[in-house]
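Undergrad: First the structure, then my questions, so here it is.
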């Protein structure tokens, strides 16, 4: 399967087309990031009865550019007690995976007709790379990105960044599990790890011909919600921004950073937000799929990209909405939500989807199957609650002994 | 579900803010945007801004070099030296005049005590507060810069950003209050005339004896009722 661009061997045209795609992806992500920073500030301002940036350019659109330019010309500080090599490496380690992760996102192509576009006489996917392990690649990149945050905190030689780094590690370990388990539902339903294939699976008309065949519906909404919540935590965005809790940790892991190195962290954070939104769209909302009309270039180029960007903006808005609404979680609440709610829920839902699939494949009686599932769910929830309560009793008893 | 209610609230606020409703921020910057100046909120009547040194209608300076302003200044930012008037060509109507008058705006806290202390309404404040300078020399305003021009208006220095209304009512007239501190005190006009304007008419509530306000209608009769007796 794979990109038809590479089917007939690699020639000059293929290399040039690939380079063009690299360039476009790079620029698109940078522009999207710039837009996202502005978008977030504007939306949050609207929610808080303020105006938001409106000085640089029309509606303040160039504010990010101005801020970036300012940051680049600031003094670059290296703390005395910092680990010099790791301190320099950390921002790069944060920003490179953020760029790479976006490479697997299909940003266009009419998936009702194969999902390819024609570029200089060659058929190709509108995504930089379509590795057979695309989703795993994304998880790997977001995992490596955490090293940037963690090492930045550790190498600063300062206590608050260190605390921020430790928090980042714990948070990502906790939420990567829920993220992965909600992804597993998608993989189970679509039977592939390639992002292109996952989008192609969602392309057809769904239930009743009206409701789209998106994974949001097919996997039953819950994995999508878990993915969104776990994704927010993975991004260290509010309400999960304990890593850079200003009130507690000065600035968090990036306290000691300034100038372009700080800008890189900032960039990585917002690029990850864009990538995460794009991933939600790809995995659960059918990526660029949607109704298309018109002649050839409009049908395969304009509409899919339009639908993709529209869905992307919706989720960017959701992330901003989270920030505008929810106060930051306390550390124990964060861990509770991750371990006691999201992971069991994601795992349970995954098993449920699996059971339904097996039942359908084997032709079992639907009523009996659903009865059995209900019994199992009730038993599992009860057991989970009992174990949580037992653990709490044990903790309280321990606290009494120690006190 | 408390969280969901919160989302509804932020959504409503967003919807109103998006169409420009309900925004509490007022546009303010001393700069320009796409070629035009920002509009600013009107400033209070008795705003404490940059000082001016006033002159009488005939062009004479009101400052008599008494140094009371310098003495009362808590920030010690005023430096005054008086000198005897030349009898043939006096600068002020009195015996002496302010020969040197300097205010250091790096120290001034705009408390207005100098204005209160001045016996001749010589020093008052305009409503200008946007005068960011780029050197310590510019920060020290000299007498030439502080004294009003021949049209009776404050001089505009290159680094100052005057807006409409900033240079109106900068004289002692706008500060005029009754000795007991009530703006509604009604008595004869006690403020001096000024260059370019003459003696200004009183505001509402500062009417002179001849004004058509019946003093018995409220204040006086009310006092009677409270005292329970008569004078």
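Undergrad: Any residue at all in segment A:114-122 that's surrounded by 17 or more Cβ atoms within 10 Å (Cβ to Cβ), part of a loop (DSSP other than H, G, I, E, B) and touching a residue at least 60 places away in the same chain (Cβ under 8 Å)?
TA: yes
Undergrad: Also, quick follow-up: If you go through segment B:69-90 one residue at a time, how many are surrounded by fewer than 17 Cβ atoms within 10 Å (Cβ to Cβ) and touching a helix residue (DSSP H, G or I) at 6+ places or on another chain (Cβ under 7 Å)?
TA: 3
Undergrad: Taking residue B:8 and the conditions (1) at pLDDT 85 or above; (2) away from chain A (no Cβ under 12 Å); (3) over 17 Å from the mean Cα position of the chain (by Cα), which numbered condition does it fall short on, given that it satisfies the others?
TA: Going through the list (1) at pLDDT 85 or above; (2) away from chain A (no Cβ under 12 Å); (3) over 17 Å from the mean Cα position of the chain (by Cα), residue B:8 breaks only (2).
Undergrad: Please work out if residue A:100 is in contact with a helix residue (DSSP H, G or I) (Cβ under 8 Å, 6 or more places away or on another chain), in a helix (DSSP H, G or I) and on the phi < 0 side of the Ramachandran plot.
TA: In short, yes.
Here's the yes/no breakdown for (1) over 24 Å from residue A:145 (Cβ atoms); (2) in contact with a strand residue (DSSP E or B) (Cβ under 7 Å, 6 or more places away or on another chain); (3) not assigned by TED's automatic domain parsing to the domain that holds residue A:144:
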position: A:50; (1), (2), (3): yes, no, yes
position: A:57; (1), (2), (3): yes, no, yes
position: A:62; (1), (2), (3): yes, no, yes
position: A:90; (1), (2), (3): no, no, no
position: A:93; (1), (2), (3): no, no, no
position: A:97; (1), (2), (3): no, no, no
position: A:110; (1), (2), (3): yes, no, no
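Undergrad: Sticking with this one: Quick test of your reading of the structure: residue A:29 fulfils all but one of (1) surrounded by 14 or more Cβ atoms within 10 Å (Cβ to Cβ); (2) touching a residue at least 60 places away in the same chain (Cβ under 8 Å); (3) part of a loop (DSSP other than H, G, I, E, B). Name the failing condition by number.
TA: (3)
Undergrad: Which condition number in (1) assigned to a loop (DSSP other than H, G, I, E, B); (2) surrounded by 14 or more Cβ atoms within 10 Å (Cβ to Cβ) is the one that residue A:8 fails?
TA: (2)
Undergrad: Looking at segment A:276-298, is at least one residue buried (at least 19 other Cβ atoms within 10 Å of the Cβ) and closer than 30 Å to residue A:83 by Cβ?
TA: Taking every residue of segment A:276-298 in turn, at least one turns out to be buried (at least 19 other Cβ atoms within 10 Å of the Cβ) and closer than 30 Å to residue A:83 by Cβ.
Undergrad: So, of the residues in segment B:17-55 that are within 12 Å of chain A (Cβ to nearest Cβ) and at pLDDT 80 or above, which turns out to be nearest to residue B:115 (Cα to Cα)?
TA: By that ranking, first place goes to B:24.
Undergrad: Using the structure shown, decide if residue A:321 is assigned by TED's automatic domain parsing to the domain that holds residue A:227, modelled with pLDDT under 85 and in contact with a helix residue (DSSP H, G or I) (Cβ under 8 Å, 6 or more places away or on another chain).
TA: Numbers: assigned by TED's automatic domain parsing to the domain that holds residue A:227: yes; modelled with pLDDT under 85: no; in contact with a helix residue (DSSP H, G or I) (Cβ under 8 Å, 6 or more places away or on another chain): yes.
Here the answer is no, as residue A:321 does not meet what is asked.
Undergrad: Surrounded by fewer than 14 Cβ atoms within 10 Å (Cβ to Cβ) and over 16 Å from the mean Cα position of the chain (by Cα), is that true of residue B:93?
TA: On the way: surrounded by fewer than 14 Cβ atoms within 10 Å (Cβ to Cβ): no; over 16 Å from the mean Cα position of the chain (by Cα): yes.
No: the conditions fail for residue B:93.
Undergrad: Condition test on residue A:231, is it modelled with pLDDT of 85 or more and buried (at least 23 other Cβ atoms within 10 Å of the Cβ)?
TA: Against the criterion (modelled with pLDDT of 85 or more and buried (at least 23 other Cβ atoms within 10 Å of the Cβ)), residue A:231 qualifies.
Undergrad: Moving to a separate point now. Might you check whether a residue that is surrounded by 14 or more Cβ atoms within 10 Å (Cβ to Cβ) and closer than 30 Å to residue A:113 by Cα occurs anywhere in segment A:344-353?
TA: So the first thing to find is which residues in segment A:344-353 are surrounded by 14 or more Cβ atoms within 10 Å (Cβ to Cβ), and the list is A:344-353.
The next check asks that each one be closer than 30 Å to residue A:113 by Cα; those that pass are A:353.
There is at least one residue in segment A:344-353 that is surrounded by 14 or more Cβ atoms within 10 Å (Cβ to Cβ) and closer than 30 Å to residue A:113 by Cα.
Undergrad: Against the condition away from chain B (no Cβ under 12 Å), out of contact with any strand residue (DSSP E or B) (no Cβ under 6 Å at 6 or more places or on another chain) and over 23 Å from residue A:261 (Cβ atoms), how does residue A:28 come out, does it pass?
TA: Answer is yes for this residue.
Undergrad: Here is a further query. Scan A:299, A:261 and give me the residue that is out of contact with any helix residue (DSSP H, G or I) (no Cβ under 7 Å at 6 or more places or on another chain) and in contact (Cβ under 8 Å) with a residue 24 or more places away in the chain. Outline the logic, then answer.
TA: Working: A:261 fails: out of contact with any helix residue (DSSP H, G or I) (no Cβ under 7 Å at 6 or more places or on another chain).
So the residue among A:299, A:261 that is out of contact with any helix residue (DSSP H, G or I) (no Cβ under 7 Å at 6 or more places or on another chain) and in contact (Cβ under 8 Å) with a residue 24 or more places away in the chain is A:299.
Undergrad: Further, regarding this structure: For segment A:334-349, check the following and say yes or no: at least one residue is outside any helix (DSSP H, G or I) and free of Cβ contacts under 8 Å to residues at least 60 places away in the same chain.
TA: Within segment A:334-349, not a single residue is outside any helix (DSSP H, G or I) and free of Cβ contacts under 8 Å to residues at least 60 places away in the same chain.
Undergrad: Those residues that are away from chain B (no Cβ under 13 Å) and in a helix (DSSP H, G or I), I need them from segment A:34-62; list them, please.
TA: A:34, A:35, A:36, A:37, A:38
Undergrad: Tell me yes or no: at least one residue of segment A:73-90 is farther than 26 Å from residue A:156 by Cα and either within 14 Å of another protein chain (Cβ to nearest Cβ) or part of a helix (DSSP H, G or I) (or both).
TA: Within segment A:73-90, none of the residues are farther than 26 Å from residue A:156 by Cα and either within 14 Å of another protein chain (Cβ to nearest Cβ) or part of a helix (DSSP H, G or I) (or both).
Undergrad: Please verify whether residue A:84 is closer than 18 Å to residue A:265 by Cβ and exposed (fewer than 13 other Cβ atoms within 10 Å of the Cβ), treating the condition exactly as stated.
TA: yes
Undergrad: Could you figure out which of (1) within 13 Å of chain B (Cβ to nearest Cβ); (2) surrounded by 16 or more Cβ atoms within 10 Å (Cβ to Cβ); (3) in a helix (DSSP H, G or I) isn't true of residue A:18?
TA: Every listed condition holds for residue A:18 apart from (1).
Undergrad: Just checking: which of the helices (runs of 4 or more DSSP H) contained wholly in segment A:212-263 hold 3 or more residues that are within 21 Å of residue A:340 (Cβ to Cβ) and under 14 Å from the mean Cα position of the chain (by Cα)? Give the derivation first.
TA: Working: elements: A:215-218, A:222-234, A:246-249.
Result: A:222-234.
The values are calculated or read from the model by the stated rules, or taken from the named source; none is laboratory data. As the structure is a prediction and not an experimental result, all values here were calculated from the model. So basically every Cβ, Gly included, is an ideal-geometry build from the backbone, and we count neighbours across all protein chains shown.
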